[in-house]
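Enquirer: Starting off with a structure, shown below.
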């Protein structure tokens, strides 16, 4: 049996299996019922490993062991496998979330906070900088930084960046806005951004800006700025820099303030 490596790779990603598991599973799917020895030969998996792999697949719900001798295995229908995997993933995720929620009520989180506080106290404020690689990491850090805002959040972004921020950061915008944090967003406004502008009504003040820049300033102290044009770089290769420097952040916010006064307000 010949199965393309590309297809096996997809199965590994979708179902969370290792290489031997996807080889044995696809071999069994092609046979319906088979012995461990037969599957080992078909899938080109060492016979010494095939029994462990079959036991693992059985526990995960991909196959069923047939009663009798010699021992044979039956492939479960792929549609049923998908449902079983979904159920297992949900159950595992709920258990993990539960453990993390329980962590809040233990002294472990207190000890971790103490370690972090002590570590930060040993660092010069100007040394609190970091590179953020990949748009997913960028937005995770943006969310963390914005959530800690006490007075203001200042954002300059692109039109596509505005859409992404509404989609990914609107809940945290709402959270800090309720605390009285002032949110200002400058971006090139187009027909595509109309819906995003409506969603931000009452949460943030949005103005039209033609300058191409991507940065976020929080409380005039912390700054996250992106180094790449988001229209020209793949999200995986997007890069940003986080800096905790009141001097630079406040200076940039002063420049933003001058530009803000000249920006066109959106119509209510």
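Enquirer: Considering region 1-34 alone, what residues qualify as being over 15 Å from residue 62 (Cα atoms) and not in a helix (DSSP H, G or I)?
Expert: Within region 1-34, 1, 2, 3, 4 meet the criteria.
Enquirer: Something else: Scan region 208-223 for residues that are outside any strand (DSSP E or B) and in contact with a strand residue (DSSP E or B) (Cβ under 8 Å, 6 or more places away or on another chain) and jot them down.
Expert: Answer for region 208-223, where residues must be outside any strand (DSSP E or B) and in contact with a strand residue (DSSP E or B) (Cβ under 8 Å, 6 or more places away or on another chain): 209, 211, 213, 214, 219, 220, 221.
Enquirer: Is it fair to say residue 54 is in contact (Cβ under 8 Å) with a residue 40 or more places away in the chain, assigned to a helix (DSSP H, G or I) and within 37 Å of the chain's Cα centre (by Cα)?
Expert: No, not satisfied.
Enquirer: I'm told residue 205 meets every condition in (1) surrounded by 14 or more Cβ atoms within 10 Å (Cβ to Cβ); (2) farther than 19 Å from residue 260 by Cα; (3) touching a strand residue (DSSP E or B) at 6+ places or on another chain (Cβ under 8 Å) except one. Can you identify the failing condition by its number?
Expert: The number of the failed condition is (2).
Enquirer: Which of the numbered conditions does residue 242 fail, given that it passes all the others? Conditions: (1) surrounded by 12 or more Cβ atoms within 10 Å (Cβ to Cβ); (2) free of Cβ contacts under 8 Å to residues at least 40 places away in the same chain; (3) under 24 Å from the mean Cα position of the chain (by Cα).
Expert: For residue 242, the failing item is (2).
Enquirer: Residue 189 passes all but one of (1) in a loop (DSSP other than H, G, I, E, B); (2) at pLDDT below 90; which number fails?
Expert: Just one mismatch for residue 189, condition (2).
Enquirer: Please verify whether region 134-150 includes one or more residues that are closer than 25 Å to residue 248 by Cα, in a strand (DSSP E or B), in contact with a helix residue (DSSP H, G or I) (Cβ under 9 Å, 6 or more places away or on another chain) and in the same structural domain as residue 242 (by TED's automatic domain parsing).
Expert: no
The values are calculated or read from the model by the stated rules, or taken from the named source; none is laboratory data. Quantities reported herein were computed from a predicted structural model and do not represent experimental measurements. When we count neighbours, we look across all protein chains shown, and the Cβ atoms used for this are built from the backbone with ideal geometry, even at glycine.
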